[in-house]
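The values are calculated or read from the model by the stated rules, or taken from the named source; none is laboratory data. Quantities reported herein were computed from a predicted structural model and do not represent experimental measurements. A quick note on method: Cβ atoms are made from the backbone with ideal geometry, for glycine too, and the neighbour counts reach across all protein chains shown.
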Amino acid sequence: MLCSPQPKKLNYTDETAFPKGRIGTVTQKIISTINSNDSDTIKEFIETNFAEDFQNMAPMEAHQGHFLNYYRRTGGVSFHSIRTYDPKNEQETILILKDNNYGSWQKIRFSFVDEEGLLLKGIGFSPAETPTDILESNISPEELIEETKKAVEKLSQLDLFSGAILVAQGNDILYADAKGEASKRFHIKNNLDTKFNLGSMNKMFTSVAILQLVEKGLIGLKDPINQYVDETWLPSGITSKITIHHLLSHTSGLGSYFNETFWNSSRALYRSIDDFKPLVQGDSLAFEPGERFGYSNTGMLLLGVIIQKVTQQDYFKYVAHNLFEPAGMLHTDAYEMDQPVENLAMGYERSENSYGWTNNLYKHVIKGGPAGGGFSTVGDFHRFAMALVNEKLVSKASLDLLWTDYSNAGYGYGFTIRQSPSGQVVGHSGGFPGLNSNLDIFLDQGYVVVVLSNYDGAASPLAKKVSHLIDRL
């Protein structure tokens with residue numbers, strides 16, 4: 001059952017004075033570069049201020065596109081504060097900014113190459129929680145829905161959101177709507193039963209499936225994975241060091257199979273889990289298992305390998321029978337994108353071509369898997385959330401394992417975890433060119449917010465906007 005409201009103490013503080021020294025210098029550069037909305041300015045900023053390793057992570061056009069898309073989504077940003085989390089990460093600076101389109105809070109993380117210079121090692125963009133110095137007026141549940149509707153309408157009119165949204169409290173759906181087009185080619189509108197690509201949200205399904213096997217005594221969290229993953233995937237010198245716990249918590253040291261080979265290959269090559277084997281073979285560890293958090297698509301893929309090995313079933317059939325069916329998720333699966341699945345949204349990203357858009361058909365995997373890429377609806381995700389909190393899929397003890405932060409990275413077993421003014425929030429987001437998705441389950445307040453979009457970067461900001469409104473109830 002859902003818990004009664006018990007707001008928790010926040011684990012961060014905000015300092016609103018504009019920073020001095022090298023942090024202030026770089027902060028000003030970052031903000032002015034974003035707000036320039038200019039490709040040449042962005043290029044100069046990247047080439048002048050970032051380490052070579054970061055620059056080589058993607059073509060310059062991709063770096064430029066990331067900044068330009070960030071400006072398009074936010075409408076520009078202004079400085080609000082420097083945030084410090086407890087425990088503090090001494091190597092990272094966190095900017096809190098306010099965006100113009102949503103009136104919401106944005107977070108930019110950056111770190112330096114060394115302790116003296118201005119050269120940056122990396123940068124990350126994400127939504128942020130409300131700053132600690134902001135005292136916003138309370139709103140009623142009715143105002144929550146009214147403000148959510150206004151935000152959806154505004155973003156739809158600006159063509160910043162295409163997709164579907166659902167807000168519920170417990171089993172009661174308070175608001176649900178769909179905007180935009182599932183197909184721009186044929187001008188087919190999205191509706192509440194449209195199936196959207198999930199990106200990494202599939203990681204929740206895989207992790208719940210693993211905990212089901214743990215409950216049945218078929219595997220153990222401390223088991224080294226060489227018991228289940230043979231050397232056609234990775235040498236035992238690597239797999240003997242990694243446990244199932246490491247894979248679930250992204251502390252294995254493995255990376256991502258979305259590597260150069262994948263990007264240069266036909267998507268038609270990858271349908272079954274075993275098809276991804278050539279992308280994993282030859283992988284090495286970025287760090288010793290258990291040493292730290294490192295988000296890993298390969299780790300989640302190997303959990304799918306373990307599920308197949310232990311159950312002697314196809315991964316997709318197992319999750320369909322043991323998760324989707326008991327939860328009542330009738331419109332969720334890893335649908336193959338070259339088949340005529342009804343009411344399946346095509347993903348779109350902005351483009352400089354004459355149409356203004358490019359679909360993601362030739363970028364995305366042709367069939368999703370344990371790490372992401374399946375399809376679902378907002379209604380099915382509401383049913384998934386209810387099945388979880390009502391212990392229909394796994395026990396309370398397993399939920400506690402799923403929703404424990406193991407490395408102070410805001411991540412448990414296949415679920416993100418955060419503390420908001422309204423209490424603990426768990427879920428997961430997903431992103432890829434042409435798609436963005438987000439599930440938030442407010443464990444203390446009982447709210448469930450699902451936003452699925454066939455525009456890249458469009459779901460998470462809207463989900464965060466609703467989260468801020470819930471915090472004000």
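Here are some notes:
- Residues of region 68-98 satisfying the condition of being free of Cβ contacts under 8 Å to residues at least 60 places away in the same chain, under 17 Å from E129 (Cβ atoms) and acidic (D, E): E92
- Condition check for V167: of a type in the set (V, I, T) and outside the structural domain of L399 (by TED's automatic domain parsing): no
- Count of residues meeting criterion [surrounded by 21 or more Cβ atoms within 10 Å (Cβ to Cβ) and either under 14 Å from V448 (Cα atoms) or of a type outside the set (F, W, Y) (or both)] in region 403-421: 3
- Complete set of residues in region 285-338 that are over 23 Å from G199 (Cβ atoms), in contact (Cβ under 8 Å) with a residue 40 or more places away in the chain and assigned to a helix (DSSP H, G or I): K309, V310, T311, P326
- Residues that are of a type outside the set (S, T, N, Q), at pLDDT below 95 and touching a Pro at 6+ places or on another chain (Cβ under 7 Å) do occur in region 457-468.
- Test: residue in region 242-249 that is in contact with a helix residue (DSSP H, G or I) (Cβ under 7 Å, 6 or more places away or on another chain) and small (G, A, S): no
- Options L155, L160: the member that is assigned to a loop (DSSP other than H, G, I, E, B) and of a type in the set (A, V, I, L, M): L160
- Checked against the criterion of being surrounded by fewer than 17 Cβ atoms within 10 Å (Cβ to Cβ), over 23 Å from the mean Cα position of the chain (by Cα), basic (K, R) and not in a helix (DSSP H, G or I), the candidates K222, K277, K241 yield just one match: K222.
- Exactly one residue among F384, F415 is closer than 19 Å to S249 by Cβ, aromatic (F, W, Y) and touching a helix residue (DSSP H, G or I) at 6+ places or on another chain (Cβ under 7 Å), and that residue is F415.
- Flag if V451 is β-branched (V, I, T), out of contact with any Phe, Trp or Tyr (no Cβ under 8 Å at 6 or more places or on another chain), in a strand (DSSP E or B) and touching a residue at least 40 places away in the same chain (Cβ under 8 Å): yes
- Test for G282: is it assigned to a loop (DSSP other than H, G, I, E, B), among the small types (G, A, S), on the phi > 0 side of the Ramachandran plot and modelled with pLDDT under 95: yes
- Residues satisfying the stated conditions in region 366-396, i.e. over 17 Å from the mean Cα position of the chain (by Cα) and among the aliphatic types (A, V, I, L, M): I366, M386, A387, L388, V389, L393, V394
- Each residue in region 196-212 was checked for being surrounded by fewer than 24 Cβ atoms within 10 Å (Cβ to Cβ) and either acidic (D, E) or under 19 Å from V448 (Cα atoms) (or both), and 1 of them qualify.
- Consider region 103-160 and keep the residues that are free of Cβ contacts under 8 Å to residues at least 24 places away in the same chain and under 19 Å from the mean Cα position of the chain (by Cα). The one that is surrounded by the most Cβ atoms within 10 Å (Cβ to Cβ) is R109.
- For S437, the conditions (1) outside any strand (DSSP E or B); (2) under 23 Å from K184 (Cβ atoms); (3) within 13 Å of the chain's Cα centre (by Cα) are fulfilled apart from (1).
- Within region 64-93, the set of residues being farther than 30 Å from D159 by Cβ and outside any loop (DSSP other than H, G, I, E, B) comprises S81, I82, R83, T84, Y85, T93.
- Test for A397: is it surrounded by fewer than 15 Cβ atoms within 10 Å (Cβ to Cβ) and in a helix (DSSP H, G or I): yes
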